[in-house]
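Notes for the one structure printed next.
The values are calculated or read from the model by the stated rules, or taken from the named source; none is laboratory data. Quick caveat, the model's predicted, so the values are computed rather than measured. In this analysis, Cβ positions are derived from the backbone assuming ideal geometry, glycine residues included, and neighbour counts consider all displayed protein chains.
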Amino acid sequence: MSIFEPSEIFQFAIRIEENGEKFYRRMAQKFDDPEVGGLFSALADEEIKHKSVYEKMVSKIEKYEPFESYPGEYFEYLRAYADTHIFTPKKLEEEMATINDATSALKFAIARELDSILYYEEIKKLVPQSERGLIDKIIEEEHRHFVKLSSCKASKDAACVRKE
């Protein structure tokens, strides 16, 4: 028997999206560069949409028992990953104190988007096959976030706010 229910794992995903939105909103306000600010504002809005999808999915999750070496191993891994690697409140506050320019904000955001992609690939295994397309769409959006952030970091031009 697992220590964590699949719905709890989605609560971690919701928390990741909330913390991501908070980070992007604060970064949008922190820098005078309108392109960077526009990018961060747009990403914050997308995090709200992701959160909504996960909130709807919590009630639809089937019981899932992954292969484990010991009871609770898989869910403990996902919880630890979410709590230590992706937009956690502690990491967010620590980073906010050290981010003094747009480049460092972009680097931090890029790393968190990559962490989010890995996490969402893992939680996709917790939902029924019929619901996995929704998570795939969010993973695709996280890929777009990564590309937008990387493009902005590399070029500092209109790519920062370009729409797909």
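Candidates E47, E62, E17: the one that is modelled with pLDDT under 75 and either under 27 Å from S130 (Cβ atoms) or not in a helix (DSSP H, G or I) (or both) is E62. Taking the criterion of being farther than 19 Å from S52 by Cβ, touching a residue at least 24 places away in the same chain (Cβ under 8 Å) and small (G, A, S), the only residue of the range 107-145 that qualifies is A109.
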